[in-house]
Amino acid sequence: MEMQNDFDRLLFFEHARRSAEVTYAKNPLDTENLTRWAGALLELSNFQSVQESKVMIKDAISKLDEVLAIDPKKHDALWCMGNAQTSYAFLTPAKDEAKGYFDSAYTYFQHALDEDPGNELYRKSFEVSIKAPELHSELHKQGFSQQAMGPAAASGGPSSSSSVKGPKAQKSSDLKYDIFGWVILAVTIVAWVGFSKSNVPSPPPR
């Protein structure tokens, strides 16, 4: 059942990405469309290999740059940018390089919260972003990128498979959920809400 859900998600967000491309060609200044496009790319990046994910996340970041150039106070785009920066950081093994992305994410989450102070999702993202560099170090110390990122990206979930068994594997799995659970779930919620508001037509029946 989970595989079916993943496949449905893949179809949905691929369709949304293509719809956003069409809309962009008609109106490149539509910030809602650009934000949805970036959200779809972030979702689709979960189904790719590590390198392909990084390319897709960079593409999402470029879309969000366009949004924020038009409307620097658009809080959902600021929040989405924070998620993109966080996702890219976790795919980056080098601690110093990853820190730059974590720092950016922290700043974007803070700006999103400043623009919409009552948003609990933004607040949670901001709070967790403080712990992110520490979690990154722990995961990469355990060989997370080699052990889990490839299979996770390919199957669409951070908890996919691990070659390590026992308590250590359980700890690693728990950490992965700590990091990715809020990011992926939150992105999914916002993206689905955004797409439903935009009346994106349903994918053709299979």
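Highest first, please rank the peptides 111-123, 19-31, 73-85 by the mean number of other Cβ atoms sitting within 10 Å of their residues.
73-85, 111-123, 19-31
Under 15 Å Cα-Cα from Lys74, which aspartates and glutamates qualify once same-chain neighbours fewer than 8 residues away are excluded?
List returned: Asp30, Glu32, Asp65, Glu66, Asp114, Glu115, Asp116.
Could you please rank Ile70, Ile57, placing first whichever residue has the fewest other Cβ atoms within 10 Å of its Cβ?
Ile70, Ile57
Throughout, read-outs are computed from the coordinates displayed, never taken from laboratory work. Remember, it's a predicted structure, so these values are computed and weren't measured experimentally. Neighbour counts are summed over all protein chains in view; Cβ atoms, including those assigned to glycine, are modelled from backbone coordinates with ideal geometry.
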